[in-house]
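The values are calculated or read from the model by the stated rules, or taken from the named source; none is laboratory data. Because the structure is predicted, anything quoted here is derived from the model rather than measured. Because the Cβ atoms are built from the backbone with ideal geometry, glycine has one as well, and the counts that use them run over all protein chains shown. Just so you know, the surface numbers come from the protein's heavy atoms only, side chains and all, with ligands and any DNA or RNA stripped out. Shrake-Rupley method; radii C 1.70, N 1.55, O 1.52, S 1.80 Å.
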Amino acid sequence: MTLLPAICLAALLVASPAGAQEISAANLTETVRTLASDQFQGRAPGTVGEERTIGYLIGRLQALGLEPAGTNGGWTQPVPLLHTALGEPSKLAFARGGATTPLVQGTDIYVSTLQPADVAAVANAPLVFVGYGVTAPERGWDDFKGADLKGKVAVFLINDPDFVAAKGEDSVGKFGGRTMTYYGRWTYKFEEAARRGAIAALIVHDSDGVGYGWNVVKSGGGENYGLVVPPEQRTSLALQGWISGETATKLFVDAGQDLAKLRIAARRKNFRPVDLGTRFDAEVPVKHEVVQSQNVLAKIPGTRRPNEVVMYGAHWDAYGEGKPDEQGRIYRAGANDDALGVAGLFEIARNFKAAPPPDRTILFAFWTAEERGLLGSEAYAQSPLYPPETTVANLGLDILQTAGRAKDVILVGKGQGTLEDDLARLAAKQGRTVSVESLPERGLFYRADHFSMAKRGVPVLLMMGIAGASDLVSGGKDAGQKWVDDYTGKCYHQACDAWDAGWNLDGAIEDISVFYRIGDELARSGKWPGWKAGSEFKAVRDASAAMRN
């Protein structure tokens, strides 16, 4: 793919040979400034921004001396995506007893679709409140009680039944408590509604339960992406999305119900779905197309155990073009999320190339469509180019804190795998401790690309700066929390996630360095990290143990 001259020059300058085993702040900065520039148009899949991004990534990897690791010996793995975009609704309303309540997209409700139809239509469909919408036989929990949802609209609460459970309630200890399980994720809710034949699914927005505000919910602008699937595998949901907290409260009041009391009822084993006596009508034009997107894959071949793979990952995509912000910026360029992660992978690759060749193959994966539902990594996991059974680990970088050095490193997913022990040991060599993510209810373990590999049994570790308040050398945890609050409250998925000359990358450098050291140990040994007892992924990995003997 042809590169723009300015991009070629930047690649050569940043990727010049270096023997020092260190992470360069200047290199990180130059990469982020380039990828987050207007030239890349916010790096949305299937756009000119993607074409420029893929060309830039390949150029950088070639300059670093890596080898292609994609399909048919190339640099990429094709990822066909269904791209949909909703137009202005001609009908969007709740109806009850002859009275109609119009709904405003983006204000009262936020919906999108993953059906390739010209119109997303829901006609007079009954709304049914299904509590948390969890069916988990292994935990003795079923919110549905055999209710028929075909052609109906499922209304869910976000998170798990024990998220805010009080002592003595049935759900206490059944799930993860304040730590979200996959049952608490919005993706699970939509999947479960589709499995039961619902025509639409709506989740009641709750900032505490989901971990972000309404501004993040509506940031997709009515667009959606999904993997291209055969017609028989398409979702039954004509529309899927969220209801604002205020709109939900009014919906339940109008239906003669008390949402607060139903929240409590949903934490009991005997909860049964509640017909809200309300209908949902929607008629929304849809633009849909299949766009050809790509993962970018590169490797450093192993010399002694080349078929065993240590994988690093970061996503190259961001949110593309949106409405102008207060500064007139239209590109949601994801400077931190995740251009900084991409920059970290380049630096890790540079360090590996400056060191003796590894025993095991090191794979660098730059995923597409993470922001659209972990689609690039899921496409790879469904059609892996390197078997997950002999993939040693997946180490993911996705959002790094930019507020300076920290006395600790934040662990996401405590108790899942043995890689957390390696993280603690190697962080200690940096003079740092490990702090557990402070908001496990946000389910960050299930919200990044490593999750696609975890589902296939590959041991994983995620570095994500927004998982908790870092204990910053300057300012302590209060300053760390301020950074998290400022980023998630103002810039997460917004145009202001832009490169900033005020960034202090010292902490990010230490986080990238510790991930390099973890991968370096794995790449030069026969060690196989694993899952800890109680992890939902342990059985999958154990089933393939013979392939790693």
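A few points about this structure:
- Selection status of Ala349, part of a strand (DSSP E or B), over 20 Å from the mean Cα position of the chain (by Cα) and in contact (Cβ under 8 Å) with a residue 40 or more places away in the chain: no
- Filter pass, Phe190 being touching a residue at least 40 places away in the same chain (Cβ under 8 Å), touching a strand residue (DSSP E or B) at 6+ places or on another chain (Cβ under 7 Å) and surrounded by 20 or more Cβ atoms within 10 Å (Cβ to Cβ): yes
- Lone qualifier among Ala147, Ala165, Ala117 - being open to solvent by 10 Å² or more (accessible area, probe 1.4 Å), in contact with a Ser or Thr (Cβ under 7 Å, 6 or more places away or on another chain), among the hydrophobic types (A, V, I, L, M, F, W, C) and in a loop (DSSP other than H, G, I, E, B): Ala165
- Taking the numbered list (1) closer than 23 Å to Leu439 by Cβ; (2) open to solvent by less than 20 Å² (accessible area, probe 1.4 Å) in turn, Tyr182 passes all entries but (2).
- Residue in the range 433-440 that is touching a residue at least 60 places away in the same chain (Cβ under 8 Å), under 17 Å from Asp338 (Cβ atoms) and not acidic (Asp, Glu) present: no
- Strands (runs of 3 or more DSSP E) enclosed by the range 226-327 - at least 2 residues per element that are surrounded by fewer than 16 Cβ atoms within 10 Å (Cβ to Cβ): 274-300, 305-315
- When Thr84, Thr34, Thr53 are checked against the criterion of being assigned to a strand (DSSP E or B) and surrounded by 16 or more Cβ atoms within 10 Å (Cβ to Cβ), Thr84 stands alone in meeting it.
- Filtering the range 1-31 to residues that are at pLDDT 50 or above and in a helix (DSSP H, G or I) leaves Ala25, Ala26, Asn27, Leu28, Thr29, Glu30, Thr31.
- Evaluation of Gln39 against the conditions (1) outside any strand (DSSP E or B); (2) open to solvent by 60 Å² or more (accessible area, probe 1.4 Å); (3) within 20 Å of Gln292 (Cβ to Cβ); (4) not aromatic (Phe, Trp, Tyr) shows that the sole unmet condition is (3).
- Selected residue (only one of Glu389, Glu378 is farther than 16 Å from Met463 by Cβ, in contact (Cβ under 8 Å) with a residue 60 or more places away in the chain, part of a helix (DSSP H, G or I) and out of contact with any strand residue (DSSP E or B) (no Cβ under 8 Å at 6 or more places or on another chain)): Glu389
- Selection from the range 490-522 of residues that are open to solvent by 50 Å² or more (accessible area, probe 1.4 Å), touching a residue at least 24 places away in the same chain (Cβ under 8 Å), out of contact with any Gly (no Cβ under 7 Å at 6 or more places or on another chain) and outside any loop (DSSP other than H, G, I, E, B): Arg517, Glu521
- When the range 163-177 is filtered for residues that are at pLDDT below 95 and not aliphatic (A, V, I, L, M), the ones remaining, listed by number, are Phe163, Lys167, Gly168, Gly173, Lys174, Phe175, Gly176, Gly177.
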